[in-house]
Amino acid sequence: MGTERLTVGQAIVRFMAEQYVERDGRRQRFIAGVWGIFGHGNVAGLGQALEELGDACEMPYYRPQNEQAQVHLAAAYAKHKNRLQTFACTSSIGPGATNMITAAAGATVNRLPVLLFPSDYFANRLPDPVLQQIEHPLEHDVSASDAFRPVSRYFDRISRPEQLLSSLPEAFRVLTDPAETGAVTISLPEDVQSEAYDWPEAFFEKRVWHIRRPVPEPSVVSRVADLVRAARHPLIVAGGGAIYSEASDALDSFATRFGIPVSETQAGKGVLPWDHPMNVGPVGANGGLAANRLARDADLVISVGTRLGDFATASKTIFANPDASFVGINVTSFDANKLRAVPLVADAREALSTLAAALDAAGYAGTDAAYRERIGALKAEWDARVDYHRTPSGETADLAQPEVIGILNDALGGHATVICAAGSLPGDLLKLWRPEDPKAYHLEYGYSCMGYEIPAGIGVKLAEPEREVVVAIGDGTYLMLNSEIVTAVAEGVRMTVVVFDNHGYQCIVDLARSVGVPQFGNELRFRDTGRNRLEGGYVPVDFARHAESMGAIGVLARTEREIRDAIAAARIADRTTVIHVPVSPEKRAPGYEGWWDVPVAATSERQGVRAARQGYEQAVAKQRKELA
Ligand SMILES: Cc1ncc(C[n+]2csc(CCOP(=O)(O)OP(=O)(O)O)c2C)c(N)n1
Ligand SMILES: [Mg+2]
């Protein structure tokens with residue numbers, strides 16, 4: 001077999017171009033392109049390679065404004081593609097590399113594949129310390145890139161070119177494995193990146209990675225079927241895995257045939273359309289009235305493709321029935337075993353259809369009429385609450401956030417993808433947004449990383465250009481990471497960014513109040529020099545003009561009419577539009593019998609803190625510690 005002489009950077013580009021995935025007989029390229037910011041670490045390595053080979057390999061290069069953002073973008077792209085395709089990201093050494101770590105953690109937490117190539121200091125060490133080298137005094141082989149280790153599902157450092165021969169295939173195995181996927185990091189010393197090697201030609205042959213759908217073990221299926229048949233009030237909790245596995249049809253028929261209600265997590269919302277008779281809405285700390293009441297009484301909880309984060313379980317208080325049994329359907333054994341569940345380790349779609357067949361074979365007819373009636377009544381009550389919150393009341397000077405959500409959702413319909421990640425919006429969207437397909441609701445609420453939203457909008461738009469995309473973002477979050485608007489403009493991406501301006505971090509204001517802390521540091525206020533605190537007037541920010549300065553269309557919209565007009569114009573605009581909507585700092589959707597464990601100071605001179613602590617101790621007492 002012949003060889004081909006290429007640099008490490010060139011070999012990576014050639015290799016990535018030949019990696020495909022296949023699931024259910026559908027095949028596609030896995031790496032859609034490479035995002036990167038160049039510096040001395042990668043300009044002669046991956047940078048040179050992309051310039052020379054990118055066109056021939058159909059491996060396009062994209063330039064973000066910030067390395068963190070490119071990884072968010074790649075993760076969002078992968079999420080919208082149900083993990084069947086992603087981007088690779090390259091950075092220079094030191095700060096360029098560490099900028100990617102936050103978003104790498106987000107990808108890993110959310111089980112989304114992203115392939116990262118931070119650069120690293122010289123393997124030959126001759127120029128040490130190279131610009132941006134940390135120089136750990138004790139461990140000479142430690143570099144900034146080592147900080148990727150705890151946030152990656154696979155990490156390697158290439159100190160000799162031939163290490164790629166084993167490292168790259170392993171990287172793709174992890175990326176394309178539904179149970180192992182997350183951030184994969186291959187750190188590339190800047191000298192090695194441009195060194196040449198005689199690669200075996202076979203290394204660049206087309207390779208198709210099969211995305212497995214593990215089937216459940218028959219003995220566990222029959223055990224779970226027994227539990228379902230014995231249950232009177234079963235409840236399904238659907239998470240992101242149900243969407244990635246494209247299990248909507250299987251879940252629909254399972255829930256409909258057996259009369260088992262489906263509640264949803266942030267990642268799972270949309271797996272059934274909001275108006276599906278068995279969709280009882282969100283569960284947990286930010287849950288709705290229907291799902292939370294059903295969860296409280298459920299005698300069997302079947303989770304499907306969820307990591308059961310504290311928001312979904314209301315910090316282990318929402319499944320309050322002491323006799324409840326738990327079943328965990330998950331492709332990842334780690335998640336399937338949570339809540340001490342009977343673990344049905346399998347692909348969500350396969351598990352649901354196999355379980356349905358087992359129940360049919362056992363002659364199971366589903367839940368009784370009384371339970372189905374209760375489900376219908378609770379759902380109707382919840383839908384009416386949602387209507388109520390979404391309808392403008394005229395009670396506040398500026399529109400309230402839930403009202404703006406209603407206006408946007410009505411104007412855009414149930415197939416536009418709404419994107420969000422942090423602040424008070426995720427909770428309100430979870431309760432109030434009404435998706436009509438599984439790709440119409442895109443929340444990053446595993447890492448809840450402020451800054452995900454705008455890059456994610458670009459990622460979703462690149463994944464599905466025909467889709468209407470609306471990024472719902474708080475003012476505080478916008479101020480943290482907005483520069484990818486420039487990228488959206490450069491790439492010709494048309495999306496709509498709606499900035500909910502309530503003068504600061506209002507969800508943390510709410511949280512501070514709940515732990516007895518008065519207003520402190522969370523609003524965007526001038527310094528009151530007398531008190532030396534941030535207690536002056538609001539700092540005004542003109543978000544529309546700010547967006548205009550980056551090349552987008554900027555609009556200020558205060559009323560329902562203005563928002564509707566702005567959305568209508570944004571839909572036919574030739575580029576990205578940013579709509580600045582001032583909203584009431586006070587009014588958000590209320591809680592519905594959920595709880596979130598946030599500790600309260602155990603001692604304080606302040607009466608408010610002591611009162612909050614008392615309430616906290618009562619709430620903590622309801623936590624199901626045995627489910628830890
Ligand atoms: C990167 C990052 N830093 C800090 C936090 C903690 N945090 C969560 S929400 C929030 C404030 C968000 O403010 P804004 O976007 O204006 O939304 P609002 O709460 O006003 O709805 C903060 C600081 C976070 N989630 N992510
Ligand atoms: Mg805000």
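Tabulated data for the structure shown
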item: Carbon + sulfur, % of accessible area of region 394-468 - ligands and nucleic acids excluded, 1.4 Å; result: 48 percent
item: GluC sites (Glu not before Pro) lying in DSSP loop within region 43-105, provided at most 14 other Cβ fall within 10 Å; result: Glu58
item: Sulfur and carbon atoms: percent of accessible area, region 236-309 [1.4 Å]; result: 51 percent
item: 10 °C / 1.306 mPa s Stokes-Einstein diffusion coefficient of the chain, Kirkwood radius on C-alpha pairs, µm²/s; result: 62 µm²/s
item: Estimated FRET transfer efficiency (Tyr364, Asn321; beta-carbon r; R0 22 Å; 0.05); result: 0.55
item: Given charges at beta-carbon only (K, R positive; D, E negative), |dipole| of region 332-420 in Debye; result: 340 debye
item: Dipole-positive endmost among Gly492, Gly423, Pro518 within region 412-525 (Cβ charges, Cα centre); result: Pro518
item: Helical segments meeting 30 Å axial Cα length and Kyte-Doolittle -1.0 threshold in the chain (DSSP H); result: 369-390
item: Gln618-Glu381 FRET efficiency (beta carbon distance; Förster radius 25 Å; 0.05 resolution); result: 0.40
item: Accessible surface, the chain, averaged per residue in Å² (probe 1.4 Å); result: 38 Å²
item: Tally of Lys pairs whose C-alpha atoms are under 19 Å apart, taken over the chain, 8 or more apart or cross-chain; result: 18
item: The chain: relative contact order in percent, alpha carbon pairs under 8 Å with at least 6 residues between; result: 13 percent
item: Filtered chymotrypsin sites (Phe, Trp or Tyr not before Pro), region 341-446: DSSP coil and at most 12 other beta carbons within 10 Å; result: none
item: Area accessible to solvent at Arg63, 1.4 Å probe radius, in Å²; result: 130 Å²
item: Dipole magnitude of region 197-252 about its Cα centre (Cβ charges: Lys, Arg +1; Asp, Glu -1), debye to nearest 20; result: 360 debye
item: Region 16-61: Rg to Rh, with Rh as the Kirkwood radius over Cα pairs; result: 1.10
item: Bridge type composition, the chain - antiparallel percent by DSSP, nearest 5; result: 15 percent
item: Neighbour-limited loop hits for GluC sites (Glu not before Pro), region 170-218 (at most 15 other Cβ within 10 Å; DSSP other than H, G, I, E, B); result: Glu205
item: Electrostatic dipole magnitude of the chain [Cβ: Lys, Arg +1; Asp, Glu -1; Cα centre; debye, to 20]; result: 1480 debye
item: Of all accessible heavy-atom area on region 1-68, the percent that carbon and sulfur account for (1.4 Å); result: 45 percent
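The values are calculated or read from the model by the stated rules, or taken from the named source; none is laboratory data. Values in this document were obtained by computation on a predicted structure and should not be read as measured data. When we count neighbours, we look across all protein chains shown, and the Cβ atoms used for this are built from the backbone with ideal geometry, even at glycine. Accessible surface is based on the protein model in full, side chains and every heavy atom, while ligands, DNA and RNA are left aside. Shrake-Rupley method; radii C 1.70, N 1.55, O 1.52, S 1.80 Å.
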